[in-house]
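The block underneath contains the structure these notes are about, expressed in structure tokens.
Just so it is clear, none of the values below were taken in a lab; they were calculated from the coordinates. Note that the structure is a prediction, hence the values are computed from the model and not measured. Neighbour counts are summed over all protein chains in view; Cβ atoms, including those assigned to glycine, are modelled from backbone coordinates with ideal geometry.
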Amino acid sequence: MQRATPQEFSRVLSSMCTEPHPAARAAAEEFLATNPGDPATYETVADLEREAVATLDEIAGHPDAAGYITSGGTEANLQAMRIARDRATSGAADGRANVVAPASVHFSFQKAAAVLGLELRTAPLADDYRADPEVMGELVDSDTVAVVGVAGSTEYGRVDPIPAIADLADETDALCHVDAAWGGFQLPFTDHDWHFDHAAVDTLTIDPHKLGRAAVPAGGLLARSPDLLDVLAIDTPYLESASQASLTGTRSGAGVASAAAAMDELWPDGYREQAERCQANADWLAAALDERGYEVVEPELPLIAATLPESEFDALREGGWRIARTATGDLRVVCMPHVTRGTLERFVTDLDRVE
Ligand code: 0PR
């Protein structure tokens, strides 16, 4: 089959998206015109969404979690903050409610805070780029509605100490949210404590359209119990179904069906094999950069950060490499499934040339 790929993936080292699994691609096309926002009309895609959520539950270590397939991590994080706010304030923000998160939190939380009228308080990280629960604790007060941990941070791929963050939330009766948007499909094959089973996590973001190999748009929001998700439910009098928890109304059946198809194909063995391959590639690149004298942040997950002079960074970009920088100017390479060892070898060859 001819595969028209609008994006040339072979030199993309900066993205958290990747080539969808072939089954996910086919499912996306098949369900392109369906709307899971109207489950009583589009019953097949509604069944696929239940199936997808059940697999996400298994991955996230809690068989009874409620949830839905979002448009991405941004929607999932925003909706989790909405649950936290409305659970604490029964609706309207009172102007004081705040969210406490590590400085590594994705910028979607700034959007969520702006939209929901929440104050976002971010705590400086520990030296290892992970959240420091003690410093976070200093920001928590009686108006804190959510305490957030990141399991696979966007810039350094770090996993925060989730059990300590959950304890912090518990102490102040706030909601504990974990953002595993990127890390969620890698972490089951590591020994990190990150999910419902490991700590009193209330809500969790886990995105099939990142390491889950689904087509965009397919994020995931899970809530420990249906009553938490019900906080989001709005009556929908003119639809066959009575209520809706998603933020968007009409949404893409392509994302939902492709998420179900990818997970059906890959969970767990395919994801395990992928996780091992991506991590081995990241470790290989870290060693190659280290050998060349660059300062490398040890990859905990398949994401490498390293110091790289601006002139070399610019020359590599001009040479066609899609690479990105962290806020502090480090090179950032995400070893997604489309990034092969051969790609990394070519990258290092080019790096040697521009040095
Ligand atoms: N949470 C985390 C930990 C993330 O890394 C991201 C996105 C989100 C939430 C938000 O997810 P959505 O973008 O699905 O709403 N992280 C990447 C970033 O912002 C997204 C990305 C994707 C960037 C593709 C570049 C790219 O080519 O860096």
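At a Förster distance of 56 Å, what's the computed FRET efficiency of E355 paired with T44, Cβ-Cβ distance as r, to 0.05?
0.55
Would you work out the relative contact order for the stretch 221-355, in percent, from Cα pairs under 8 angstrom that are 6 or more residues apart? Spell out each step's value before the answer.
Values: 115 pairs, mean separation 22.9, N = 135.
With pairs under 8 Å counted, the relative contact order is 17 percent.
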Quick one: length gained pulling T248 to D269 fully straight, 0.36 nm per residue minus the C-alpha distance?
4.3 nm
What nm value, rounded to one decimal, do you get for the distance between T190 and R317 when each label is placed 7 Å out toward the C-beta?
2.7 nm
Taking the alpha-carbon centre of each part, the distance from the stretch 297-342 to the stretch 98-143 in Å is 26 Å
Determine the gain in length on full extension of the stretch A280-E298; use 0.36 nm per residue of separation and subtract their C-alpha separation, reporting nm with one decimal.
5.2 nm
In sequence order, what are the phi-derived ³J(HN,Hα) couplings for the stretch 324-332 according to the Karplus relation 6.51 cos²θ - 1.76 cosθ + 1.60 with θ = phi - 60°, rounded to whole Hz, with x for glycine and proline?
10, 10, 7, 4, 8, x, 6, 5, 10
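May I ask what percent, to the nearest 5, of DSSP beta bridges between residues of the chain are antiparallel?
55 percent
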So for the chain, averaging the separation of alpha carbon pairs under 8 Å that are six or more residues apart and normalising by length, what relative contact order in percent results?
24 percent
Bridge type composition, the stretch 108-260 - antiparallel percent by DSSP, nearest 5
45 percent
For a quick check: with amide H placed at 1.01 Å from N, whose amide H comes under 5 Å from G37's, ignoring anything fewer than 5 positions away on the same chain?
R251
Explain nothing, just compute: Karplus ³J(HN,Hα) = 6.51 cos²θ - 1.76 cosθ + 1.60, θ = phi - 60°, for every residue of the stretch 209-221 in order, whole Hz, x for Gly and Pro.
7, 9, 6, x, 6, 8, 7, 5, x, 8, x, x, 10
Volume of the Cα convex hull of the stretch 22-266, divided per residue and given in Å³:
108 Å³
Debye intensity ratio I(q)/I(0), log10, the stretch 269-354, q values 0.10, 0.14, 0.18, 0.20 Å⁻¹ (C-alpha model)
-0.23, -0.45, -0.73, -0.90
